[in-house]
Every structure is written in structure tokens, then in C-alpha cells.
Amino acid sequence: MRAFDYIRAGSCKDALAEAETPGTAFIAGGTNLLDLMKHEVMTPARLVDISRLDLRGITLTDAGLRVGALVSNSDLAADPLVRRHWPLLSRALLAGASGQLRNKATTGGNLLQRTRCYYFYDTAMPCNKREPGSGCAAIGGFNRIHAILGASEACIATHPSDMAVALRALSAEVELLAPGGGRRQVPLAAFYRLPGDTPHVETVLEPGEMIAAVLLPPAEGGRQIYRKVRDRASYAFALVSVAACLRMEQGRIAAAALAFGGLAHMPWRSADVEGTLIGEVPSAALFDRAADLLLAEAKGQGDNDFKIPLARRTLAAVLAEATAEDTEGDRA
Amino acid sequence: MHVTLTINDTKHSLDLDPRTTLLDAIRSHAGLTGTKKGCDHGQCGACTVMVNGRRINSCLSLAVMHDGDAVTTIEGLGTPEALSPLQAAFLETDGFQCGYCTPGQICSATAMLEEIRAGWPSHVSETLDGPALPTEAEIAERMSGNLCRCSAYPNIVAAIRLAAAEREDAA
Ligand SMILES: Cc1cc2nc3c(=O)[nH]c(=O)nc-3n(C[C@H](O)[C@H](O)[C@H](O)COP(=O)(O)OP(=O)(O)OC[C@H]3O[C@@H](n4cnc5c(N)ncnc54)[C@H](O)[C@@H]3O)c2cc1C
Ligand code: SF4
Ligand code: FES
Ligand code: FES
């Protein structure tokens, strides 16, 4: 690990002022940043420790739920309000990492975790995300875990977070604090960026900006499901995942919000897919039509071609479960 | 940098490079070598300790970030003369082969049983409303962050079930 200066922030204001110096990174749980620093994939000259800041609250407001950026993944998953009204979020968190990691991992850090692309981690290989302009070793290389939607000639990486997929389906927003004292709110839909020709720029976060909270709008009633497909039953990243919030009325789909993990550089959501479902009576043919729309532009890279049929089958399975008449499963 | 850690109720004042992980501080600076280093990247669980009662991977945390914290390692759970219930259960069921993963397994399981007690759900829980129970499937899922290269898993799960059952009887 490269040497760095360590600064413990006493307040958000402190942390933001410290972050104005170039080469500074915030550290929260450290479970992603320290891993990458050990590999020298990330080499910040200064670390500002924000882990003791007062951003640990989970509060219910008229506008929904406000989750502080430093709430741990464990606390968020076990929170009684989240379990009751946003079970999808609990389920997605519990499907990720391990008990130990979730105790340390924070809400803000989880959103900003970097890709698990093998070549991003391997400093001996070209990678446009790690070193802009060096090339992409995954294109034409091993790319089993890579993107089938929204990728570019420069980068085909996926975003690894489970939590972010659930938050995308729940139409969450992110509250950001700027060094100058500004505060803005960005929908998760506009927070992440596709790789394009700047895959090293992953979000709309400005230099020195800090995530203060995640905001969830009031829960809509209905069935909530997070289904994650991976190489082993536990403790593995998603190959494909589907987050669904779905409400039935008189045998028809009245509301549907669907987000997908493992497919793209960010949690994926498609208005066309949701639009085609709403107002319809569920059927295998309908689910197939939804998958056609989701995957119309899908492109495999070789090793990850299997993700195209896998995404289709996973979507169909989730929709079948979410529209079934029985009363089992999580409901908001 | 100067860091004070309370490890197993003993205060340690250490002078550390900021890069020192909590794991290296425990092993190389405080001299407590029960906690093991497997992968050093958060993937195996050998380095699991409890900080302020919660289990974490000490390899993925900086010691300077834990200034003032209370750390419990395997040495703090019990001694050969006075084993903790989980330590005794691992002996009883033969819950190890080489023993390298064992300190991490036992620290992890100790905190995991408290999580179950607090009603935290898991990925395999049928409902999120609880109660959480220490079934085989629940233990396997909740302990998935602790790998065992010798694959002593059946006996590890048996040890944890035994300790959980004994605790229920005592309660
Ligand atoms: C073995 C292993 C398995 C895993 N499996 C999964 C999995 O299955 N699913 C999954 O979703 N995740 C998984 N993870 C990833 C884990 O969820 C992340 O490492 C964790 O959520 C990151 O949170 P953190 O607080 O530790 O972030 P940190 O490591 O502290 O920070 C990550 C990044 O975010 C920045 N940052 C942190 N907080 C803020 C803030 N408030 N404002 C601005 N910037 C900030 C940091 O500067 C850094 O760049 C796994 C990790 C490991 C090591
Ligand atoms: S896919 Fe992206 S992260 Fe992976 S090697 Fe290519 S540029 Fe780097
Ligand atoms: S040594 Fe920490 S998880 Fe492997
Ligand atoms: S007993 Fe050998 S690694 Fe677990």
C-alpha cells in the first residue's frame, strides 16, 4: 500500500474542507477502498476518515425514509421500518457480501464501490477505468462477469452493488454535500454514468462532494422481490439480479418497477419494460415480451453471452412470483 | 501515529504507520497471534474479530480508524482452562482440521449468535419478521464469510448448533 496522510474529520464541514486538496479520498467502512489500495489500484495521497461523522440516522419523514450515508449495511437491512415497508432493500443487502463485511460497509460506500472487473484489479493489464487511454483488456479477454447492456468500446464493466439495484427500483435519491456548503439531491437514475469514452468517471459526483444520505420515497404497496443469480449460494457477486416492486389489481398488473444488476455499468431500469407490463394480465407471453424489450440491444462479449438468456429467465421467474395469487413473500 | 486500542480488556498504546491494518496491529504490534491472516482482502474471514461487539474483517480496516475502540479476539473469549461455550463446542464436535480458520470461525460465530438473538434476518430467512432461528441453513448462510480450506464445515455447523442449543437450555 502506498503511504498516505490520515485525517480524522470531526464534522461534515471539516471533511468537506479537507477534501478540497487534490488527491484526497473519503474513507467510510474501508471495505472496498482498502482492498483497492492494497492492490495499488487506488493510491490516494490523503485519506479523510468520515466514519465518526453524525450520518448514522434512519428517519421517517413525510417525504419518505432518510438513510444517513454512514448507516451500516447490517443496520439498514435489520431496520424495522425498512423490513416492513421496503423489504426489497433488506433482501438486496442481505444477498450481498458477508455478515462481517455488512457490519463495516456503509450506505454511501456501497453506492460508490468500484467494479470487480479482474483487469481493473490487475495493475499489469491495460484498463481505461484505472488508467484512461490504456485500453480495455476485458474486450477480447475473460469477460464472464461483464456487461451486456450500455457498454462502450472503452469499457464493458458492471457495477457490483446489490443495494444500488434495489434503490434504483425504489426510485431513491442521493443527497450530496459540496465543499462550498451547497447541498443537492440527485435521483439515483441520474447519479450513475454509462462508461462511454470516460469509464473512469462513474457518477455525477463533483470532486470533493460527499454523500450525506439516501432518500427513499414512501413505499407503494405490493409485492417486493430481489432475486440474485450467482456462482454459489452465498458470498458471491451477482451474475444477474432483478429487483421488483409490483402491485396487482383485479388480476392485472397495476404498477411495476424493475431494476437489474449484473447487466450494465449501473443498475439498469427500462421504462419500456415497465410500460409493457402495466395494465396487462400476467402470462408467459407477456413476460417474454418484457424480456424482448429489456434485451433488444443486449450484446454479449463471448464469455458472458449466457447472461442474455439468464436475464430473460430470471425476469420471467421474478414476474411469475410477483404476480402469483398466493400470499407468501415480502410485501410493503 | 498514536493509537490506543483496548484488546480483550487490556489497553494497548501503539505507535503505528497509518497503513497498519487492525489485523497487523493485533498480531504484530500487540503480539496477539491467535487472529489469523488468510487472504488479507476480506474474502476468507480468518481475521474476524469483534469491535465494540460486532464482527468485522480486521484485514480490511485501518488500526488508526479504531482509536479508542474495544476489540475482542479469540484470546479474549476464553482460555484453555476456561473455554467459551463455542470453543468447547468446537472441541466437542471436532469442528476443525488444521485449525487455521478456527479463531475466525469462533469469533464470527460468537457475534453471529448475538445477531440471531437480536432478530436480524438473513438471506435465507423465509420472512423478515423473524424470529431468527439457528437452523443449519441459517448458520451456513450467516457464516458464509468464513471459509475453511480443510472443509470442516459439517462439524463447524454442528459446533455452532450445539453452542446455540446449550444457550437456549441455559436461558
Ligand atoms: C469479499 C467481498 C465480497 C463482497 N460481496 C458483495 C456483494 O455480493 N454485493 C455487494 O453489493 N457488495 C459486495 N461487496 C462490496 C461491499 O458491499 C463494499 O465493499 C461496501 O459496500 C463498501 O462500503 P464502505 O463503506 O466499506 O466503502 P469504502 O471502502 O469506505 O469506500 C468506497 C468508496 O466510496 C467513497 N465513499 C465512501 N463513503 C462516501 C461518502 N459518504 N461520500 C463520498 N464518498 C464516499 C470512498 O472514497 C471510496 O472511493 C463485497 C466486498 C468484499 C470485500
Ligand atoms: S471492462 Fe472497464 S474496468 Fe474492465 S478492463 Fe475494460 S476498461 Fe477496465
Ligand atoms: S484475512 Fe481478512 S478476510 Fe481473509
Ligand atoms: S480447519 Fe483448516 S482451514 Fe478450517
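Could you give the size of the charge dipole of the protein assembly as shown about its Cα centre, using +1 on the Cβ of each K and R and -1 on the Cβ of each D and E, expressed in debye and rounded to the nearest 20?
In total the dipole reaches around 500 debye.
Which one of B:G95, B:A140, B:A158 is farthest out on the positive end of the charge dipole of segment B:85-170, using unit charges on Cβ (Lys, Arg +1; Asp, Glu -1) and the Cα centre as origin?
B:G95
Under a point spin-label approximation (7 Å from Cα along Cα-to-Cβ), what is the A:H39-A:D326 distance to one decimal in nm?
4.0 nm
Eight or more residues apart or on different chains, and alpha-carbon atoms under 21 Å: count the Lys pairs in the protein assembly as shown matching that.
11
When the helix-only estimate is applied to the protein assembly as shown (DSSP H runs of n ≥ 4, each -39,500 (n - 2.57), divided by the residue count), what is the mean residue ellipticity at 222 nm, nearest 500 deg cm²/dmol? Numbers along the way, then the final one.
Details: 18 runs with 149 residues, N = 503.
Calculated from helices alone, the mean residue ellipticity at 222 nm is -8000 deg cm²/dmol.
With solvent modelled as a 1.4 Å probe, how much accessible area in total do chains A and B shield from it at their shared surface, in Å² to the nearest 100?
Buried surface at the A/B interface: approximately 3300 Å².
Counting partner chain Cβ atoms within 10 Å of every residue's Cβ in B:49-56, what's the average? Don't jump to the answer; show the numbers that get you there.
Working: counts 1, 2, 2, 0, 1, 8, 8, 11.
Counting Cβ atoms of other protein chains within 10 Å of each residue's Cβ and averaging gives 4.
Below 12 angstrom from the Cβ of A:A28, what's the summed charge of the other residues (Lys, Arg +1; Asp, Glu -1)?
On the way: positive: A:R52, A:R56, A:K104; negative: A:D49.
Combined, the nearby Lys, Arg, Asp and Glu give +2.
Which value, in debye to the nearest 20, describes the size of the charge dipole of segment A:14-117 about its Cα centre when Lys and Arg Cβ atoms bear +1, Asp and Glu Cβ atoms bear -1, and nothing else is charged? Don't skip to the answer; put the middle values down first.
Details: 12 positive and 10 negative charges, 102 e Å.
So the magnitude is around 500 debye.
Anyone know which of A:L315, A:L53, A:L88 comes out most mobile in the 10 Å Cα GNM of chain A?
Largest GNM mean-square fluctuation: A:L53.
Pick out which of B:L23, B:L128, B:L14 has the largest mean-square fluctuation in a Gaussian network model of chain B, springs linking Cα atoms closer than 10 Å.
Of B:L23, B:L128, B:L14, the Gaussian network model singles out B:L128 as fluctuating most.
The values are calculated or read from the model by the stated rules, or taken from the named source; none is laboratory data. For clarity, every value in this text was computed on a predicted model and none was experimentally measured. Neighbour counts are summed over all protein chains in view; Cβ atoms, including those assigned to glycine, are modelled from backbone coordinates with ideal geometry. Protein only, heavy atoms only, side chains kept; ligands, DNA and RNA dropped before computing areas. Shrake-Rupley method; radii C 1.70, N 1.55, O 1.52, S 1.80 Å.
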